[in-house]
Amino acid sequence: MNNRPALVYADVKGNILDWPALEMAGACAGEWTRPRLSELVPLPEGSELFLLPERLPIGYNPALHRFETLAEDPFDPPKPVRAVAAFISPAYTHLYSTAYRTKSRAPILPLFAYTAVGWLNGSFVVPAVRIDSDRRQDFCNFDLKLIERNARRRMKAERENRLMQHLGKCALTYGCPAAKNLFMNRWEAPLPSSPECNARCIGCISRQEGTGLSATQDRIDFVPSAEEISAVAIPHLQNAPRAVVSFGQGCEGEPLLQAETLEASIRMMRKATGRGTINLNTNGSLPEAVEKLCRAGLQSIRVSMNSARPEYYEKYFRPKGFSFEHARRSISEVKANGGFASINYFVLPGFTDQKSEWLSLRKLISETRLDLIQMRNLNIDPQWYLDILKPDLREKKLGISRLISMIREEFPDVRLGYFNPPLE
């Protein structure tokens, strides 16, 4: 048995092969590394493998003690090859990006996360850690026939509810895990509500303009009424196990822009039932609106952040009329009202684990007393992201594994995870 994973690559026909003469390599913001065996896990079920256009795989040559570019197919020279990356399943945080060399005029990669992948003893392996034990989005837990049957039944029964029609499409066309769980009558259900946004995130998955990228899903094109929202939410809160309903989804803009509608729908939910958790996923741009929603019955909030450093936060979000400080205040507002606060922390190895990022993150944790950090892999072309943010790549990198350990050591009461937890 081999004790080091082999490099994998794609041949000209798209077949994925391993090349044992080179070891798998990982990348930290363009700096190549050899993942430790302790950092590798079997490729999680439900993950996907991507072929990267105009990108050559990088591996480590143990005989020569150096990283090398695989420029042609070793089994069929001189035919070209492509680098391969894994898009790993929810609940896993990646430790290294895939290592590659970009050719000139290469297109920007689509909006996915690109995790290093290798081949070890007959199986694919990835450098990752399961950051959340919750099984709510595990591939094996979805009954696709039941989802389709329930979605079509509810869409037919609730023809006049535009939100129900939208969520049916999310489940059946885009395979949204949250929408699927709605139609399996369990766990966390989505409540998209806003077609507009006050940020222009470079990695927005529902609207892309001037980048040449395609959004990965359609954005909702209407504002559902409070009645439409509550008609979806109330039965779920009343009946689903570990029930959570969440405003703010990948298929919408910023829900706080519809704060009046959200407030009215929350009051309807709480008039009907005290069961379950009402959550808001948001950019946190309007702390005054957050306060009103808390008074109406909002219990938890998740504020998205690519960085705890304001300059990099604002380069990514490109906010219109708000700043990092507004997001910080929204977290504090929820805590002041007795609620549960988390951040949706976008992870890119080599950037998220820079020492100055850690210092800013620990300051944010101390100031806001947040409860949970959801460590989500950043869905973006890594090099494009770094070209826009322009961080100092000479800065010391702690490593994602070490960063996780440091958070746990210094803030033992802060949870690490991936999903919005039920509070009951």
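Bear in mind that the values in this text are calculations on the coordinates, not laboratory data. From a predicted model like this one, the values you see are computed outputs, not experimental measurements. Don't worry about glycine lacking a Cβ; one is built from the backbone with ideal geometry, like all the others, and counts go over all protein chains shown.
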Worksheet item: Just checking the chain: which Cys have no other cysteine's beta-carbon under 4.7 Å?
Response: Cys28, Cys140, Cys197, Cys251, Cys294
Worksheet entry | Cα gyration tensor shape of segment 19-92, rounded if a/c is under 1.5, else prolate or oblate by comparing a/b with b/c | oblate
Worksheet entry | Ratio Rg/Rh, restricted to segment 6-130 and using Cα atoms, in which Rh is the Kirkwood radius | 0.93
Worksheet item: Separation of segment 299-326 and segment 357-424 by C-alpha centroid, Å?
Response: 13 Å
Practice prompt. Go ahead and estimate [θ] at 222 nm for the chain from helices alone: -39,500 (n - 2.57) per DSSP H run with n ≥ 4, summed, over the residue count, rounded to 500.
Written response: -9000 deg cm²/dmol
Fill in: 11 Å beta-carbon shell around Pro127, net charge (K/R +1, D/E -1)
+1
Worksheet item: Net charge near Lys103, counting Lys/Arg +1 and Asp/Glu -1 over other residues with Cβ under 12 Å of its Cβ?
Response: +3
Worksheet entry | Unit charges at the beta carbon, dipole of the chain: most positive-side option, Met375, Thr261, Gly399 | Thr261
Worksheet entry | Karplus (6.51, -1.76, 1.60) ³J(HN,Hα), θ = phi - 60°, over segment 345-350, in Hz, Gly and Pro reported as x | 9, 6, 9, 10, x, x
Worksheet item: Which value, in debye to the nearest 20, describes the size of the charge dipole of the chain about its Cα centre when Lys and Arg Cβ atoms bear +1, Asp and Glu Cβ atoms bear -1, and nothing else is charged?
Response: 440 debye
Worksheet item: For the Cα atoms of the chain, what angle does the longest principal axis make with the long axis of helix 144-157, in degrees from 0 to 90, nearest 10?
Response: 30 degrees
Worksheet item: P(r) tail for segment 325-380, what percent of Cα pairs lie past 18 Å?
Response: 36 percent
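Give me the compactness ratio for segment 268-416, meaning the Cα radius of gyration over 2.2 N^0.38 Å.
Numbers: Rg = 16.1 Å, N = 149, 2.2 N^0.38 = 14.7 Å.
Computed over Cα atoms of segment 268-416, the ratio equals 1.09.
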Worksheet item: Roughly what % of DSSP beta bridges within the chain run antiparallel, to the nearest 5?
Response: 60 percent
Discussion item. Helix 287-296 against the longest principal axis of the chain: what's the angle in degrees, Cα atoms only, rounded to the nearest 10?
Written reply: 50 degrees
Worksheet item: What fraction of the Cα pairs in segment 351-424, stated in percent, has a spacing above 17 angstrom?
Response: 53 percent
Worksheet item: Two-decimal Rg/Rh of segment 144-417 from alpha-carbon positions, Kirkwood Rh?
Response: 0.97
Practice prompt. Quick one, can you get me the convex hull of the C-alpha atoms of segment 224-316 expressed as volume per residue in Å³?
Written response: 103 Å³
Discussion item. Give me the base-10 log of I(q)/I(0) for segment 122-276 at each q in 0.15, 0.20 Å⁻¹, Debye formula, one uniform scatterer per Cα, rounded to two decimals.
Written reply: -0.85, -1.33
Worksheet entry | Burial ranking of peptide ranges 156-169, 192-205 (average Cβ count within 10 Å, highest at the top) | 192-205, 156-169
Worksheet item: Arg101's amide H: which non-local residues (gap 5+, or another chain) put their own amide H closer than 5 Å, with H modeled 1.01 Å from N in plane and none for Pro or chain starts?
Response: Leu56, Ile58
Response to the item:
The size of the Cβ-based charge dipole (Lys, Arg +1; Asp, Glu -1) of segment 6-130 about the Cα centre, to the nearest 20 debye, is 260 debye
Item to complete: Name the residue farthest towards the positive end of the dipole of the chain from the options Ile365, Leu56, Ala10, assuming +1 on Cβ of Lys and Arg, -1 on Cβ of Asp and Glu, about the Cα centre.
Response: Ile365
